[in-house]
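The values are calculated or read from the model by the stated rules, or taken from the named source; none is laboratory data. Computed from a predicted structure; not experimentally measured. Every residue, glycine as well, gets a Cβ built from its backbone with ideal geometry; the counts of neighbours run over all protein chains shown. The accessibility values were calculated without ligands, DNA or RNA, using every heavy atom of the protein model including side chains. Shrake-Rupley method; radii C 1.70, N 1.55, O 1.52, S 1.80 Å.
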Amino acid sequence: MTASLQGVRIIDMSHVIAGPLASYFLAQLGADVIKIEKPGSGDVLRANTENPTTDTPTGFSAFNAGKKSLAIDIRTPEGAEAIRALAQNANVFIENFRPGIVKKYGLDYESIKKINPKIVYCSISGYGQKGQWAARGGYDQVIQALTGMMMMSGPENDTDPTKVGFPVIDVAVGMLGALSITSAIYRQSTQGVGQYIETSLIQAALMLMYPYTTDYLT
């Protein structure tokens, strides 16, 4: 059978876990994912050498299997222009820099939309694109503490907060991002329009605790 997303091209300018996991799911569904990495060092997970028996760290491979890799320095005019050229014929653009960073290089949604009006553009952040905390860097364990997830974990009689043993919020963001992008691709193919998608670690954490979040807000 033909993969469901075969023929869909994705420019993935994300790094570490949340964004790369979103594009990983899409790559496994057949999308052509071009991962943009920093020249010289690449994605930070390439430096994870806990398993020296492999030529590529397993932590990196786990989130980036099935993708193509391209080293481009977005801070240079030539690098930014190269990415815009790629985006002209892409279906999806993903980034997870702090809000405002990509705009400095003309790679934000409004800039990409000018050259590709049908683009599905997904921004992933820690605390959302706007607001008092928007510029803060997002980190899974910090969000676990901030949202009360740590308070709800561990032995019932233990008063100390306990973190979940794996980056559960990063994983949830990747799943939410992939789901939202997939639905936007359908809209793109049926209605010929693009879409801007925002998701964040905060959103994912509250979604994971949805019944309790709803109960608290009620």
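With all protein chains present, calculate the accessible area of Leu176 using a 1.4 Å probe and round the result to the nearest 10 Å².
40 Å²
Taking a 1.4 Å probe, which of Phe93, Phe166 shows the most accessible area, and what order do the others take after it?
Reading off the accessible areas and sorting them downward yields Phe166, Phe93.
How high is the relative contact order of the range 1-153? Use alpha-carbon pairs under 8 Å, at least six apart in sequence, and give a whole percent.
Computed value for the range 1-153: 21 percent relative contact order.
Using the heavy atoms of the protein chains and a 1.4 angstrom probe, tell me the accessible area per residue for the range 1-94 in square angstrom.
50 Å²
Using +1 on the beta carbon of Lys and Arg, -1 on that of Asp and Glu, and nothing else charged, what's the dipole of the chain about the Cα centre, debye to 20?
860 debye
Order Asp32, Asp55, most accessible first, counting only protein heavy atoms with a 1.4 angstrom probe.
So, going from the largest accessible area down, we get Asp55, Asp32.
Translational diffusion coefficient of the range 1-143 at 10 °C, 1.306 mPa s, Stokes-Einstein with Kirkwood Rh over Cα pairs, in µm²/s as a whole number.
100 µm²/s
Where Rh denotes the Kirkwood radius from the mean inverse Cα pair distance, what is Rg over Rh for the range 126-216?
My calculation puts Rg/Rh at 1.07.
Could you pull out every whole DSSP H run in the chain that spans at least 20 Å of Cα extent along its own axis and averages -1.0 or higher on the Kyte-Doolittle scale?
Taking the DSSP H segments of the chain (at least 20 Å long, mean hydropathy at least -1.0), we get 168-191.
Could you state how much accessible area Arg46 has, in square angstrom rounded to the nearest 10, with a 1.4 Å probe and all protein chains kept in place?
Its accessible surface works out to 90 Å², give or take rounding.
Enter the mean projected area of the convex hull around the alpha-carbon atoms of the range 64-217, in nm², rounded to one decimal.
Answer in nm², one decimal: 11.4.
I'd like the carbon and sulfur percentage of the solvent accessible area for the chain, probe radius 1.4 Å, heavy atoms only, ligands and nucleic acids excluded.
Ligands and nucleic acids excluded, carbon and sulfur reach 55 percent.
May I ask which of Lys35/Lys104; Lys38/Lys68; Lys68/Lys104; Lys35/Lys67; Lys103/Lys130 have a Cα-Cα span longer than 18 Å here?
Lys35/Lys104; Lys68/Lys104
Helix-only estimate, please: 222 nm mean residue ellipticity of the chain, summing -39500 (n - 2.57) across DSSP H runs of length 4 or more and dividing by its residues, to the nearest 500.
Per the formula, -11500 deg cm²/dmol.
Which order do Met149, Met175 take when ranked by solvent-accessible area (1.4 Å probe, heavy atoms of all protein chains), largest first?
Per-residue accessible area, sorted high to low, gives Met175, Met149.
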